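Laboratory data are not the source of any read-out in this text; all were calculated from the coordinates shown. What you see is a predicted model; the values in this text were computed from it and never measured. Don't worry about glycine lacking a Cβ; one is built from the backbone with ideal geometry, like all the others, and counts go over all protein chains shown.
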């Protein structure tokens, strides 16, 4: 250990989701050290508060012994109704000040409290409501490192529950969730479609770009309501031999991503004049970026996980760290 | 037994699907006697041909002992690649003559062969292919009892894999399958949406007509690609308290049926001048008929299972029974 010559950290940031806990020691908005554990909120060492405290202690106890005054902030499902303590949703339009102002605190069990970020609610009359928890901090991270996007931008966070968020003057003004990744998973695993798919085709790698693009083009030419017929096409394209069975997952993936793009782009205003920014795992972002290009839409930037920087932004807004 | 005074049957018709086997003793196009067993092709008493022969003997042996020359016809998954013997698909346009001409025979093990109906394939360039197996015989039944629909009609068979079939001059000229029922089942049972649904809400009964109609109206106002966002609404309507949890399955059901209707009606030509006929289980047909009325579309007729009459039609076309 050579900590004497390294400046001390200023923040401990926790990205605490359903299946994992990631801890980031930060200084000046940058990550000094990263740790990860499997203690997501559904995989705690014990039920309830003791489980959260144990999981936190296992990942951070030595850090807090060394720096007992270190502020701690967290985001993700740890603040859900099923989490350590519920941090209620704040309504759109929401910016980092709104989030910090409605964050809640929970005793860490090791000295400092943990400040947990709220989620964001979109709830307007005559529209479907929507919820996010965790993505708002990723967006706050992207806006901190690229303040030009705060003026106006569209942030796309692909995944199990993809989010398309519209940013104006630093605020999330509206957004929509698409169940794309989960729809792919349940259809592949639990519907008749999976019967023709070879077991190794788990959709994680694109084995047949032509089949993926057939899914995209099918989505592009679709009318309202067509999706469940086109989903059934996954089976009939295989039965008729038009696609090899190993390519059926690619067709389905392209179809579902394509439908998300058709709707998401239509709901994002004039994307020719507004930056489109993607945040997420690089391989998934690449698949989406390819799909967007296929639809004639360029992508202004692709960012990997911005949650740590977003948590830094939250800590600044809460007065826990200074401006860097 | 009082068979001496009853005219003998002319046909044994088998509706042999995945989960059950139904046998109909018929005369003059009418059912004399019905039997049912659980020996669907996935629930046979033994694997392969012996299992089919045993299942057939259990349900029909005494009948064939009494009338050894009785012709036997069958439809459904018994003719699939996973069935007793594969009866290949015939291509659209297909009528009852086409079906009879390409039906295949398999020895019943009790004397007569069984004539198994083929399925129907829709396979045109630049369109998604589609398959049906069993519905073509139900359609043939509806056309036999209501020949006026042969000129031109739209037949809707709602279910796990709903079919919208366009009939012209007695032929199925094109059709489309919608995965509606299966999509509802896998989303309710295997996705995050099920977490908010009370266990007893299995979607079989409509507990909240308002929630069902919210699903319909959401579908009606949707643009291309919107479905997976609207599906996520099942969760957010519950989380925000806009719908009680017990009503979420109704919203999802209305949404999925509504999407099917939007697309199916758009693909069925001018339904103001073409009869729309529904075939299927009465409770499900009623749910669809209600939805169609909500969309401003009347239904000309609702028929319960027409497979027995359709099998009679097949037997006539194959020369196994005379015109009645």
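For chain B, what's the relative contact order in percent, using C-alpha pairs closer than 8 Å and at least 6 residues apart?
Relative contact order comes out at 17 percent.
Quick one: grab the alpha carbon gyration tensor of region A:1-93, order the square roots of its eigenvalues as a ≥ b ≥ c, and give me rounded if a/c is under 1.5, else prolate or oblate depending on whether a/b is larger than b/c.
oblate
Would you kindly work out, in nm and rounded to one decimal, the distances from the label point of residue B:296 to those of the same position in each other copy, ordered shortest first, with label points 7 Å along Cα-to-Cβ?
Residue B:296 label point versus its equivalents elsewhere: 3.0 nm.
Limiting things to C-alpha atoms, what are the Rg and the maximum Cα-Cα separation (Dmax) for the protein assembly as shown, in angstroms?
29.6, 108
Need one number: % antiparallel among DSSP beta bridges in chain B, to the nearest 5.
70
In percent, what relative contact order does region B:89-150 have, based on Cα pairs under 8 Å that are 6 or more apart in sequence? Working shown, then result.
On the way: 70 pairs, mean separation 17.3, N = 62.
The normalised contact order for region B:89-150 reaches 28 percent.
Quote the relative contact order of region A:178-303 in percent (integer), defining contacts as alpha-carbon pairs under 8 Å separated by 6+ residues.
28
Return the whole-Å distance between the Cα centroid of region A:242-268 and the Cα centroid of region B:254-281.
After rounding, the separation between the Cα centres reads 25 Å.
Would you report the distance distribution of C-alpha pairs in region B:178-303 as whole percents per 5 angstrom bin, up to the bin with the largest distance?
Percent of Cα pairs in each bin: 2, 11, 22, 24, 19, 12, 6, 3, 1.
Taking square-rooted eigenvalues a ≥ b ≥ c of the alpha carbon gyration tensor, is region B:204-263 rounded, prolate or oblate, where a/c under 1.5 means rounded and, failing that, a/b exceeding b/c means prolate?
Note, shape of region B:204-263 comes out oblate.
Between 0 and 90 degrees, rounded to the nearest ten: what's the tilt of helix A:209-220 against the longest Cα principal axis of chain A?
90
How many angstrom lie between the C-alpha centres of region B:56-122 and region A:1-68?
67
What is the diffusion coefficient of chain A in µm²/s, taking the Kirkwood radius over Cα pairs and the Stokes-Einstein relation at 20 °C with a viscosity of 1.002 mPa s? Please report the intermediate quantities before stating the final value.
Numbers: Rh = 21.0 Å.
The Stokes-Einstein estimate is 102 µm²/s.
When a footprinting reagent is the concern and you count Cβ atoms within 10 Å, what order do A:299, A:186 take, fewest first? The partial results should precede the final answer.
Details: A:299 17, A:186 21.
Going from sparsest to densest Cβ surroundings: A:299, A:186.
So between residue B:207 and residue B:302, what do we pick up on full extension, going 0.36 nm a residue minus the alpha carbon distance?
Taking residue B:207 through residue B:302 to full extension adds about 31.9 nm, to one decimal.
Quick check on region B:41-118: take the gyration tensor over C-alpha atoms, sort the square-rooted eigenvalues as a ≥ b ≥ c, and tell me if it's rounded (a/c under 1.5), prolate or oblate. Don't jump to the answer; show the numbers that get you there.
Working: a/c = 2.86, a/b = 1.42, b/c = 2.02.
Here region B:41-118 falls in the oblate category.
May I ask for log10 I(q)/I(0) of region A:105-244 at q = 0.15 Å⁻¹, from a Debye sum over the Cα atoms as equal point scatterers with solvent left out?
Rounded to two decimals, the profile gives -0.94.
Can you give me the angle between helix B:248-266 and the longest principal axis of chain B, using Cα atoms only, in degrees from 0 to 90, rounded to the nearest 10?
So the helix axis and the longest Cα principal axis differ by about 70 degrees.
Can you give the average number of partner chain beta-carbon atoms within 10 Å of each beta-carbon in peptide B:212-221, as a whole number?
Going residue by residue through B:212-221 and averaging, the value is 1.
Based on other C-beta atoms within 10 Å, arrange A:268, A:228 from fewest to most.
Ranking A:268, A:228 by Cβ neighbours within 10 Å, fewest first, gives A:268, A:228.
Treating the angle as unsigned and between 0 and 90°, give the value, to the nearest 10°, between the Cα long axis of helix B:135-145 and the longest Cα principal axis of chain B.
70
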